[in-house]
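Taking it in order: structure first as structure tokens, then the write-up.
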Amino acid sequence: MILRLFSRRASMLPRDAGGERWLAALIAVLCFLACLSAVGAVAADRAAHGWARQLRSEATVQVRPRVGETGAEAAARAAETLAGVPGVAEAEAMDRKTAEALLRPWLGDAVLPDLPIPHLVTVRLDKAGPASAVSLSRALASAGLDATVDDHSLWRGEVERSAALITVLALAAFLLTAGAAGAAVAYATRAGMAAQTGVIETLSLNGASDSAIAGLYQLRYGLVAAVAGGVGAAVAMALVAGLRFLGGAEGVTPALPLMWSDVLILSPCPLLAATVALAAARFTALARLKGRH
Amino acid sequence: MSVQPRRATRSAPATDTVRLSGVGFGYAATHRALRNVNLTLPSGSFHFLTGPSGAGKSTLLKLLTLQERPDAGTLHLFGEDATMAPRRALPDFRRRTGVVFQDFRLLDHLSVFDNVALPLRLAGGKQIDYAADVEEMLDWVGLGDRTEDRPPSLSGGEKQRLAIARAVVAGPDLILADEPTGSVDAKMGERLLKLFQSLNRLGATVLIASHDEALAERSGATVLRLEGGRLHGGGA
């Protein structure tokens, strides 16, 4: 009697009638995939923002020399002009040697000496208040220089759009995964209830409300999802931690830079899996109980 | 056999526990299981419902447990119209009704103790509060030494006693029993009858459906007879 007061009460539902092991395995795999897509999205977004930030802090100016002026002289004058513009941290004329070094990997040594290479000025912008392309162009025009300013806005836009697309795709993947997990729980709930018709009827005849019966299925599948979600998240965490450990701050590729904090963002996965399971089990159970009468 | 169920502290309601007026029910359009049944069970009354197989006894109990609804007439339980009671209202009616099913409807995955405790758990009770009542109830029906066993390991008579213990443990206002002595020997049948009589003395309204007319006569209860879906006898 005394022992009974402290013993755990048995579940009012029979065990494993809804294929719980199969469901747990499926949810664990889905959670693993959801975790990977979440980390992938975060890493891709981080890489894209890093690239965009870098592009935003630089501009390239192409200078066309006037009659009687060499390209190097025009570039030096442009660099001097730009250095005085507010929002410019540094402006440096690119010498021919540096320009040839940039082109050598694509064109080779043979043609470079005869190639007319554009005269460029590399501008590093002030990170706190960068100068705009318009203000740079205006300063160059005032100094009587024929030049074109490229603030990399085209590339930056592409990179930012790509980052947004990857985030949307990751969100879609996450929602699809959550939907698949919810559908699996709903299916298991239906199967469990079909196998336990007699039990449900007995519970109902002994005073159980539909909400209480649905609560039993919620508790069962919520726990299954929480444990399975925990397993899936733990495996994903181990994988991310392993990649971070092996690849350092850049992960295995610069396109997906990983951080140790990425491991932590996976920790709510069991809670999310349980929430999806609780909702799916409740709606399914209540709908089925309502349809029974 | 001493009875100490919790309903001893409950005052008996003043209204009729059951009132059926012109109730009809059919499983199919061509087969009427119950026809124009009029029945009143006053609070604290004890009735036996007899009749041959197929007379409609189980169907009448199904109406009283709200598993089925009458397709004609009205059904009042505990003074409330339950004819078309919404599904959300059923738990309240059912918690006031203890039912001994002919097929017992025990939960095989639960222990004997947990089967008896089921109505108390479903009513929101805590194990620490009801454990003693359940143990006492199991002692009372002679299953005190089988508390941890599962129903499949019990004999037919033990299952019957277990089903009765579950039906009465919460001290219901109405006790319905469908052939409660069908699986026990005569001695146990008499013992169970005394159990129902004890509960009735404590204020519960009791209706026992049985084909054992001799037992019904010996009980001293009002005997109703159901034949071809029509009710005859006292209370009808």
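The values are calculated or read from the model by the stated rules, or taken from the named source; none is laboratory data. Everything numeric here is computed off the predicted structure, so don't read it as measured data. Note that we place each Cβ from the backbone using ideal geometry, even for glycine, and neighbour counts take in every protein chain shown. Remember, those area values only see protein heavy atoms, side chains included, never the ligands or the DNA or RNA. Shrake-Rupley method; radii C 1.70, N 1.55, O 1.52, S 1.80 Å.
Let me have the relative contact order for segment A:135-293, percent, based on Cα pairs under 8 Å that are six or more residues apart.
Details: 120 pairs, mean separation 46.4, N = 159.
Reported relative contact order: 29 percent.
Would you please give the residues with an amide H less than 5 Å from that of residue B:202, counting only those at least 5 places away or on a separate chain, with H modeled from the backbone geometry?
Sorted by chain and number, the residues that satisfy this come to none at all.
Apply the Karplus curve 6.51 cos²θ - 1.76 cosθ + 1.60, θ = phi - 60°, to the phi angles in segment A:53-59 and return the couplings in whole Hz, x for Gly and Pro.
With the stated coefficients, segment A:53-59 comes to 5, 5, 5, 5, 8, 9, 9 Hz.
Distance cut-off 23 Å, Cα to Cα: go down the list A:290/B:159; B:62/B:187; B:62/B:159; A:290/B:62; B:57/B:159 and report the pairs above it. Don't skip to the end; give the middle numbers.
Details: A:290/B:159 31 Å; B:62/B:187 28 Å; B:62/B:159 21 Å; A:290/B:62 19 Å; B:57/B:159 21 Å.
Too far apart for the 23 Å limit: A:290/B:159; B:62/B:187.
Over 26 Å apart: what share of the alpha carbon pairs of chain B falls there, rounded to a whole percent?
35 percent
Mind telling me which of B:100, B:112, B:184 comes out most flexible in a GNM of chain B, alpha-carbon contacts under 10 Å?
B:184
Where only protein heavy atoms count, and the probe is 1.4 Å, what is the accessible area per residue for chain A in Å²?
Details: 15880 Å² over 293 residues.
Dividing the accessible area of chain A by its residue count gives 54 Å².
Threshold 20 Å², probe 1.4 Å: give the residues of segment A:201-219, in number order, that are less accessible with all protein chains present than with their chain alone.
For segment A:201-219, once contacts with the other chains are taken into account, A:201, A:202, A:203, A:204, A:205, A:206, A:207, A:208, A:209, A:210 lose 20 Å² or more.
Just going by the charge dipole of segment A:114-270, with Lys and Arg at +1 and Asp and Glu at -1 on Cβ, which of A:200, A:239, A:175 is farthest out on the positive end?
Ranked along the dipole, the leading option is A:200.
Cα centroid distance between segment B:47-71 and segment A:176-240, in Å?
Spelled out, the Cα-based centre of one part sits 36 Å from the other.
Could you tell me how many degrees, from 0 to 90 and to the nearest 10, lie between the Cα long axis of helix A:71-83 and the main elongation axis, the longest principal axis, of the Cα atoms of chain A?
Helix A:71-83 sits roughly 60 degrees off the main axis of chain A.
Over chain A, what is the relative contact order in whole percent, taking alpha-carbon pairs under 8 Å and six or more residues apart?
Details: 401 pairs, mean separation 85.4, N = 293.
Reported as a whole number, the value is 29 percent.
Compute the relative contact order of chain B as a whole-number percentage, counting only Cα pairs closer than 8 Å that sit 6 or more residues apart in sequence.
The normalised contact order for chain B reaches 32 percent.
Of the accessible area of segment B:39-177, with the probe set at 1.4 angstrom, what percent is carbon plus sulfur?
Details: 2170 of 4650 Å².
Result for segment B:39-177: 47 percent of the exposed heavy-atom area is carbon or sulfur.
Dividing the convex hull volume of the alpha carbon atoms of the protein assembly as shown by its residue count, what do you get in Å³ per residue? Intermediate results must be reported in sequence, preceding the final value.
Working: hull volume 128.4 nm³, N = 529.
So the per-residue Cα hull volume is 243 Å³.
For segment B:199-236 and segment A:95-159, what is the centre-to-centre distance using only Cα atoms, to the nearest Å?
About 104 Å separates the Cα centre of segment B:199-236 from the one of segment A:95-159.
Would you work out the charge dipole size for segment A:195-293 about its Cα centre, treating the Cβ of every Lys and Arg as +1 and the Cβ of every Asp and Glu as -1, and quote it to the nearest 20 debye?
Numbers: 6 positive and 4 negative charges, 67 e Å.
In debye, rounded to 20, segment A:195-293 gives about 320.
What is the angle, in °, between the Cα long axis of helix A:153-195 and the longest principal axis of the Cα atoms in chain A? Nearest 10 is fine, range 0 to 90.
10 degrees
Determine the percent antiparallel among the DSSP beta bridges restricted to the protein assembly as shown, to the nearest 5. Don't skip to the answer; put the middle values down first.
Numbers: 34 of 51 bridges.
Of all bridge pairs located within the protein assembly as shown, approximately 65 percent are antiparallel.
Going through the DSSP H helices of chain B, which span 27 Å or more along their own axis at the Cα atoms while scoring at least 0.0 as a mean Kyte-Doolittle hydropathy? Mind dumping the intermediate values first?
Values: long enough: none.
Result, helices passing both filters: zero.
In nm, what is the difference between 0.36 nm times the number of residues separating residue A:137 and residue A:197 and their Cα-Cα distance?
Numbers: separation 60, 0.36 × 60 = 21.60 nm, distance 7.88 nm.
That works out to 13.7 nm of additional length.
Under the rule of at least 5 residues apart or a separate chain, name every residue whose amide H is placed under 5 Å from the amide H of residue B:222.
The list, which skips near neighbours in sequence, is B:46, B:48.
From the backbone phi of segment B:213-227, what are the Karplus-calculated ³J(HN,Hα) couplings (6.51 cos²θ - 1.76 cosθ + 1.60, θ = phi - 60°) in whole Hz, Gly and Pro given as x?
Computed from phi, the couplings for segment B:213-227 are 5, 5, 4, 4, 5, 5, 5, x, 7, 5, 9, 9, 10, 10, 9 Hz.
Keeping every protein chain present and rolling a 1.4 Å probe, give me the accessible area per residue for segment B:112-183 in Å².
On the way: 2130 Å² over 72 residues.
Normalised by residue count, the accessible surface of segment B:112-183 is 30 Å².
Using amide H atoms built 1.01 Å from N in the peptide plane, name the residues 5+ places from residue B:18, or on other chains, whose amide H lies under 5 Å from its own.
Amide H neighbours of residue B:18: B:41, B:78.
Taking R0 as 45 Å, what FRET efficiency do you get between residue A:53 and residue A:283 from their Cβ-Cβ distance, rounded to the nearest 0.05?
On the way: r = 45 Å, r/R0 = 0.99.
So the FRET efficiency works out to roughly 0.50.
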